[in-house]
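Data block below; observations after.
The values are calculated or read from the model by the stated rules, or taken from the named source; none is laboratory data. The structure presented is a predicted model; accordingly, all values stated were derived computationally and were not measured. Cβ sites come from the backbone with ideal geometry, for glycine too, and all protein chains shown count toward neighbours.
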């Protein structure tokens with residue numbers, strides 16, 4: 001029985017018309033528009049042979065009971081960033097819904113393995129700066145105490161906002177009980193980058209999510225008068241930082257798929273008539289290989305010290321955040337690649353730079369893989385985020401094909 | 001008759017004790033503390049055979065009438081920046097006072113040429129952002145209409161503040177009448193840079209004030225996700241700006257004494273997880289040679305376009321401000337160098353990066369030269385601004401010697 005991919009695309013458009021304004025999608029977690037999206041989705045479950053409920057972290061679980069308790073789980077998130085796109089998160093939930101529906105019909109409501117669909121709560125962390133809220137509660141990696149006192153821009157506490165939505169922050173660890181019987185986890189997502197478009201490919205199997213080393217780096221030089229200080233007498237903190245801004249291209253360039261980004265530079269005093277006395281920058285480094293990531297971090301530190309010395313400055317590093325790489329399940333990656341090749345005639349494997357709920361699920365020890373569909377211009381988190389409709393149709397079809405392969409893989413044990 | 005250099009240093013210390021607090025000198029023009037400094041100075045004129053008055057722009061003129069109407073003019077300013085140093089400006093006024101006093105005594109109140117001392121009004125422009133107020137009125141280069149509506153941080157208009165001090169903004173052009181009979185202009189100032197300290201020299205003859213080209217430069221790239229955008233797909237506005245931040249060292253390095261400064265860098269969106277889509281920087285270029293300055297400006301523009309192209313970005317330039325170089329009078333430079341050599345045993349010539357009232361006087365066609373005395377650590381506009389006392393003593397002595405030479409030069413016509 002073929003899946004109705006076009007119906008899934010139509011559902012996405014319906015959700016967009018309900019939850020976007022002129023500036024883009026507004027389904028920010030723990031806000032009325034998010035609850036509206038979730039209510040709309042609950043409505044779509046009527047008439048299906050499924051049970052559904054919210055877990056202790058606000059994740060919605062939809063279960064189609066199978067002959068085996070072993071469960072194939074589809075997941076993604078309905079929440080968006082403010083002024084977001086129509087596909088980020090929503091595509092995965094609705095494609096999962098379409099596949100679950102196809103399986104329910106094909107097996108007359110009783111497939112060989114249990115099929116579950118999860119709509120994770122607050123993947124984006126847009127309101128409180130805490131991403132992967134629901135999936136990290138599920139994985140048991142959520143540090144409640146560290147997040148309890150977070151506030152939004154209006155001073156509302158996370159604890160109070162989630163309570164409004166029926167979630168008690170103290171109890172979210174209970175979401176771990178949903179891990180029982182989960183045998184595999186799949187997630188379809190837009191790429192959010194330019195790689196597939198450049199390669200002319202619609203789909204790819206995802207190897208895992210890259211680890212991240214994120215640091216604040218401060219170069220200390222000597223503020224000086226721009227008119228009276230000869231070039232040779234300067235301790236120019238900006239010059240040292242500029243060397244690092246360029247060096248990171250060499251550091252990343254030694255490793256395929258590695259990325260390094262200097263996203264912020266601040267100069268002090270930051271006036272036209274003064275040599276920069278202090279320069280604060282940020283560095284974000286990512287790779288799927290933990291050893292490569294550690295090497296890049298080391299190389300950046302060494303380079304920064306060398307550049308500081310060359311410019312008669314000093315440098316200090318402060319870690320903002322880091323996470324280890326999360327490689328996905330090798331057998332599921334192979335099945336995903338097969339599903340992509342059988343659907344499109346070509347296959348490609350690539351790591352994910354952005355984090356996803358799938359990383360938390362994988363860290364919880366559940367075999368996981370993701371499928372990417374091409375993003376136009378590599379843009380997401382923006383109202384112009386888009387994917388060619390023909391590619392969305394291929395994505396839903398390939399995702400359905402992957403589901404069948406993974407059901408068989410689970411049955412085989 | 002030798003000059004009493006120590007008396008001048010003691011006067012400077014007396015002024016400091018009257019007009020500085022724990023944060024430094026507070027003689028900001030058009031404020032009560034500035035008026036207090038000027039009143040203190042007027043007190044010091046009592047008993048001297050001089051006439052003194054304020055001109056239409058608030059400059060104070062002290063005149064010791066000589067046998068000839070041709071006048072040797074000493075000038076500097078008593079105003080300071082907020083939290084300023086004890087020497088910037090004040091040294092020149094008080095050294096001029098000491099020399100005038102020595103000449104008055106030596107010639108029993110009737111020197112061969114007229115001696116004048118001017119305390120320029122508002123050299124720093126600290127309160128209203130308009131530097132060289134009084135000297136530009138004297139030179140006739142002051143654009144009253146452009147400055148009339150300037151306000152300080154409290155919203156007080158420049159026009160009203162100067163009126164409180166007896167200056168009518170509409171009439172300041174009348175200060176040009178003071179140019180009559182001015183045959184030479186001398187100004188002693190601290191270097192405000194590190195060159196003389198590095199060279200181990202106390203004093204130097206100043207060649208002129210450097211011209212300035214000051215621009216805002218914006219690199220436009222493409223904001224992109226730091227995790228999902230491969231290095232080769234980036235349009236990194238920061239990378240282009242970083243190349244220019246380093247290239248300006250090569251551009252300035254091709255010309256002795258030339259300086260180029262990138263003092264401010266702003267990144268947009270300026271967050272750790274995004275490739276920089278837009279980078280705004282400032283560039284300040286200075287040299288004493290107009291052709292070299294024009295060449296450096298051209299080279300920086302060319303380089304910026306090349307770097308923008310290399311990083312798949314675009315660049316636009318917008319002039320903030322510029323001023324042409326003001327070379328001082330060759331014969332007076334020679335006399336200054338002689339005075340420095342005869343006093344200290346060595347001589348040095350150097351351009352001034354910072355602007356000074358002397359630049360306006362020179363632009364008005366009056367033969368001009370400045371003398372610099374070493375600054376400790378090159379620091380000024382700060383309470384720690386300082387000069388070794390032995391160097392201050394040498395400076396007053398050499399300045400007095402220069403005055404004698406220039407009096408003779410004027411007499412010779």
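Observations on the model:
- Being surrounded by fewer than 23 Cβ atoms within 10 Å (Cβ to Cβ), at positive phi and facing chain B (nearest Cβ under 8 Å) is a property that does not hold for residue A:233.
- Residue list for segment A:223-238, filter: modelled with pLDDT of 95 or more and assigned to a strand (DSSP E or B): A:235
- Among the numbered conditions (1) modelled with pLDDT under 95; (2) closer than 28 Å to residue B:112 by Cβ; (3) under 20 Å from the mean Cα position of the chain (by Cα), the only one that residue B:413 does not meet is (3).
- Options A:73, A:81: the member that is closer than 21 Å to residue A:352 by Cβ, in contact with a helix residue (DSSP H, G or I) (Cβ under 8 Å, 6 or more places away or on another chain) and in contact (Cβ under 8 Å) with a residue 24 or more places away in the chain: A:73
- Selected residue (only one of B:140, B:125 is within 16 Å of residue B:57 (Cα to Cα) and within 14 Å of chain A (Cβ to nearest Cβ)): B:125
- Of all residues in segment B:363-378, those satisfying the criterion of being surrounded by fewer than 20 Cβ atoms within 10 Å (Cβ to Cβ) and closer than 26 Å to residue B:82 by Cα are B:376, B:377.
- Residue within segment A:306-323 that is surrounded by fewer than 23 Cβ atoms within 10 Å (Cβ to Cβ), more than 18 Å from residue A:240 (Cβ to Cβ) and touching a helix residue (DSSP H, G or I) at 6+ places or on another chain (Cβ under 9 Å) present: yes
- So residue B:296, is it farther than 30 Å from residue A:284 by Cβ and either more than 7 Å from chain A (Cβ to nearest Cβ) or surrounded by fewer than 22 Cβ atoms within 10 Å (Cβ to Cβ) (or both): yes
Residue by residue, here is whether (1) without any contact (Cβ under 8 Å) to a residue 12 or more places away in the chain; (2) more than 26 Å from residue A:59 (Cα to Cα); (3) in a helix (DSSP H, G or I); (4) over 14 Å from the mean Cα position of the chain (by Cα) holds:
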{"residue": "A:358", "(1), (2), (3), (4)": "no, no, yes, no"}
{"residue": "A:362", "(1), (2), (3), (4)": "no, no, yes, no"}
{"residue": "A:372", "(1), (2), (3), (4)": "no, no, no, no"}
{"residue": "A:395", "(1), (2), (3), (4)": "no, no, yes, yes"}
{"residue": "A:399", "(1), (2), (3), (4)": "no, no, yes, yes"}
{"residue": "A:402", "(1), (2), (3), (4)": "no, no, yes, yes"}
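- Yes/no for residue A:100 being in contact (Cβ under 8 Å) with a residue 60 or more places away in the chain and either at negative phi or surrounded by fewer than 24 Cβ atoms within 10 Å (Cβ to Cβ) (or both): no
- Number of positions in segment B:244-263 that are more than 7 Å from every other protein chain (Cβ to nearest Cβ) and touching a helix residue (DSSP H, G or I) at 6+ places or on another chain (Cβ under 6 Å): 6
- Test result for residue A:381, surrounded by fewer than 24 Cβ atoms within 10 Å (Cβ to Cβ), within 26 Å of residue A:211 (Cα to Cα) and at pLDDT 95 or above: no
- Any hit, segment B:280-287, residues being in contact (Cβ under 8 Å) with a residue 24 or more places away in the chain, more than 10 Å from chain A (Cβ to nearest Cβ) and surrounded by fewer than 21 Cβ atoms within 10 Å (Cβ to Cβ): yes
- Among the residues here, residue B:272 qualifies as within 9 Å of another protein chain (Cβ to nearest Cβ) and modelled with pLDDT under 95.
- The sole residue among B:88, B:79 that is part of a loop (DSSP other than H, G, I, E, B) and under 20 Å from residue B:394 (Cα atoms) is B:88.
- Residue A:266 free of Cβ contacts under 8 Å to residues at least 40 places away in the same chain and either farther than 22 Å from residue B:278 by Cβ or more than 9 Å from chain B (Cβ to nearest Cβ) (or both): no
- Residue that is surrounded by the fewest Cβ atoms within 10 Å (Cβ to Cβ) [pool: residues in segment B:339-362 that are at pLDDT below 95 and more than 17 Å from residue B:199 (Cβ to Cβ)]: B:355
- Within segment B:78-91, being surrounded by 24 or more Cβ atoms within 10 Å (Cβ to Cβ) and in contact with a strand residue (DSSP E or B) (Cβ under 7 Å, 6 or more places away or on another chain) holds for B:78, B:80, B:84, B:85, B:87, B:88, B:89, B:91.
Results for (1) more than 14 Å from residue A:89 (Cβ to Cβ); (2) surrounded by 21 or more Cβ atoms within 10 Å (Cβ to Cβ); (3) modelled with pLDDT under 95; (4) touching a helix residue (DSSP H, G or I) at 6+ places or on another chain (Cβ under 8 Å), shown as yes or no for each residue.
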| site | (1), (2), (3), (4) |
| --- | --- |
| A:9 | yes, no, no, yes |
| A:29 | no, yes, no, yes |
| A:33 | no, no, no, yes |
| A:44 | yes, no, no, yes |
| A:66 | yes, yes, no, no |
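- Count of residues meeting criterion [surrounded by fewer than 21 Cβ atoms within 10 Å (Cβ to Cβ) and either more than 14 Å from chain A (Cβ to nearest Cβ) or on the phi > 0 side of the Ramachandran plot (or both)] in segment B:184-200: 1
- Residue among A:208, A:221, A:277 that alone is more than 7 Å from chain B (Cβ to nearest Cβ), at positive phi and touching a helix residue (DSSP H, G or I) at 6+ places or on another chain (Cβ under 8 Å): A:208
- Only one entry in B:239, B:216, B:224 is touching a strand residue (DSSP E or B) at 6+ places or on another chain (Cβ under 7 Å) and buried (at least 24 other Cβ atoms within 10 Å of the Cβ), namely B:224.
- Residue B:75 within 23 Å of the chain's Cα centre (by Cα) and surrounded by 20 or more Cβ atoms within 10 Å (Cβ to Cβ): yes
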